[in-house]
Amino acid sequence: MFGDKKKKIKDTERSLISETVSIEGTINSSGAIDIAGLIKGPVYSKEIIVRETGSITGSIEADHIEIHGHMDGKISGADIVVGSTGTVKGDIEFGNNLKTENGADIDGYIKKTNSVKSKLSTDFLFSKSKEEKKSKENGGSETPIDKKPEAIV
């Protein structure tokens, strides 16, 4: 009556990094990421779409990748699309399909491999560190408690 529940679930697994956001560091996601902002660092996900306003400086790895903005670094994926507004400065390694639209700008090597499968798994993305697990096993608290709060000025 109110829509397909499966579609709703898929929508909740999609993350958006908007035009007003700039992130420096590693990004891991078990779902899909739409990037319209600026990323400095590697991005690992099931699906990555770099929109026209989006820019990544660093490597990306995903099963499905679309570049419509700017990418400066290595791309590894099973299915890769470089759109007409896409610019790639780096090597592309794909397993199944590579599609480039008229106007796509690529400066790097392109290599087809037998299988480029994402190394991501839910365990890898969201597992706790060994220290946290040891602390829990030894009866340590789950969250650290600071006795002296610090103010950020």
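Values quoted throughout were computed directly from the atomic coordinates according to the rules given, and no laboratory measurement underlies them. As the structure is a prediction and not an experimental result, all values here were calculated from the model. Ideal geometry is used to build each Cβ from the backbone, glycine not excepted, and the neighbour counts take in all protein chains shown.
Some notes on this structure:
- Close amide H partners of VAL81, meaning residues 5 or more places away or on another chain with modelled amide H under 5 Å apart, are ILE65, GLU66, ILE67, LYS99.
- 18 Å Cα-Cα threshold exceeded, pairs from LYS40/LYS112; LYS46/LYS111; LYS89/LYS111; LYS40/LYS111; LYS74/LYS99: LYS40/LYS112; LYS46/LYS111; LYS40/LYS111
- Built amide H within the under 5 Å cut-off of ILE106, gap 5+: VAL88
- Local electrostatic count at THR53 - Lys and Arg +1, Asp and Glu -1, tallied over other residues with Cβ under 13 Å: -2
- Cβ-based net charge around ASP34, under 10 Å, with every Lys or Arg adding one and every Asp or Glu removing one: 0
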